[in-house]
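A short write-up of the structure that comes next.
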């Protein structure tokens with residue numbers, strides 16, 4: 001699927017058909033016990049369990065503001081479903097295994113990624129949809145106390161439907177869908193679980209990793225960098241500053257090229273480029289994140305790409321989404337995946353002169 005087909009939809013290793021969405025019967029929803037969702041109500045004061053006190057009861061109620069108002073969670077949720085594409089990572093990092101999760105591109109979100117394998121253990125969540133298409137009946141069958149949808153494009157109708165039988169914390173307000181910083185999404189998840197302090201500790205630890213890497217490579221602060229991919233011949237995509245991949249490299253210290261944002265359609269996370277527009281990728285460091293060696297060879301064979309100095313001077317990197325899972329790690333860009341991504345990409349970047 002072309003990134004241009006849907007605004008702000010994250011690009012990942014490859015395109016696959018969406019799962020079928022199951023129709024929701026009104027009677028089935030009416031039979032489920034629901035929580036009260038407040039729209040536009042002020043946040044209530046909250047307190048949370050101390051950092052490291054995961055076995056201590058969290059202090060509730062907590063009220064979390066989001067795109068569609070605010071949600072008050074009266075007691076510690078026991079059964080949680082995550083509907084954001086990478087929300088499960090922060091939930092797992094806070095010591096909770098979601099009962100349900102969405103499928104990004106038909107890769108199971110449990111047991112596969114090296115940064116979550118130990119967290120999931122032998123547990124397998126129910127797959128309750130793909131991207132922003134949710135199987136409401138499956139979600140309802142899990143009887144969740146809480147649904148979290150941070151890195152998502154959840155629509156108001158979906159929020160309203162889910163709110164009939166459970167508490168829902170939708171994506172952060174004041175940010176485009178899929179455009180909120182990972183720090184904010186982690187904070188929102190931590191607050192929802194009554195683990196503010198633990199979430200803050202996770203965030204500060206990751207910020208320290210980025211800071212240490214920047215200190216080790218101060219030269220990166222003077223370099224421009226772009227992240228790109230290509231899923232078919234003659235078509236190229238450069239990621240804007242709102243995409244997690246670009247955010248990751250910016251936090252490593254690199255400067256992003258504003259021309260890419262200018263070329264992107266409003267609300268889109270990529271600028272779609274023809275071969276004639278490849279000159280926008282003539283930066284100090286160019287990171288291609290691709291799904292196959294065939295794609296790499298095709299890009300390198302493009303005559304107009306061969307003319308770019310970034311290619312001629314070997315300042316371009318070709319990084320796989322999977323095997324090793326480097327591209328997947330900085331595409332997720334979560335408190336669990338970031339350390340893995342830094343460990344894998346730092347030596348590759350450092351080797352480029």
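The values are calculated or read from the model by the stated rules, or taken from the named source; none is laboratory data. This is a predicted model, so every value here is computed, not measured. No Cβ is skipped: glycine too gets one built from the backbone with ideal geometry, and neighbour counts run over all protein chains shown.
Summary table
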item	result
Residue in the range 68-88 that is over 29 Å from residue 322 (Cβ atoms), in the same structural domain as residue 185 (by TED's automatic domain parsing) and in contact with a helix residue (DSSP H, G or I) (Cβ under 7 Å, 6 or more places away or on another chain) present	yes
Yes/no for residue 125 being within 23 Å of residue 178 (Cα to Cα) and either in the same structural domain as residue 74 (by TED's automatic domain parsing) or out of contact with any strand residue (DSSP E or B) (no Cβ under 7 Å at 6 or more places or on another chain) (or both)	yes
Qualifying positions in the range 161-216 - on the phi > 0 side of the Ramachandran plot and in contact with a strand residue (DSSP E or B) (Cβ under 7 Å, 6 or more places away or on another chain)	194
Count of the range 154-179 residues which are within 17 Å of residue 102 (Cβ to Cβ) and crowded, with 20+ Cβ neighbours inside 10 Å	11
Lone unmet requirement of (1) touching a residue at least 12 places away in the same chain (Cβ under 8 Å); (2) under 16 Å from residue 225 (Cα atoms) for residue 351	(1)
Matching option when the condition is in contact (Cβ under 8 Å) with a residue 60 or more places away in the chain and surrounded by fewer than 21 Cβ atoms within 10 Å (Cβ to Cβ), among 331, 291	291
Any hit, the range 223-237, residues being at positive phi and part of a loop (DSSP other than H, G, I, E, B)	yes
Within the range 306-321, considering residues that are in contact (Cβ under 8 Å) with a residue 12 or more places away in the chain and surrounded by fewer than 15 Cβ atoms within 10 Å (Cβ to Cβ), the one nearest to residue 214 (Cα to Cα)	314
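Rundown of residues vs (1) buried (at least 16 other Cβ atoms within 10 Å of the Cβ); (2) without any contact (Cβ under 8 Å) to a residue 60 or more places away in the chain, yes/no style:
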position: 198; (1), (2): yes, no
position: 202; (1), (2): yes, no
position: 208; (1), (2): no, yes
position: 215; (1), (2): no, yes
position: 220; (1), (2): yes, no
position: 243; (1), (2): yes, no
position: 250; (1), (2): no, yes
position: 257; (1), (2): yes, yes
position: 263; (1), (2): yes, yes
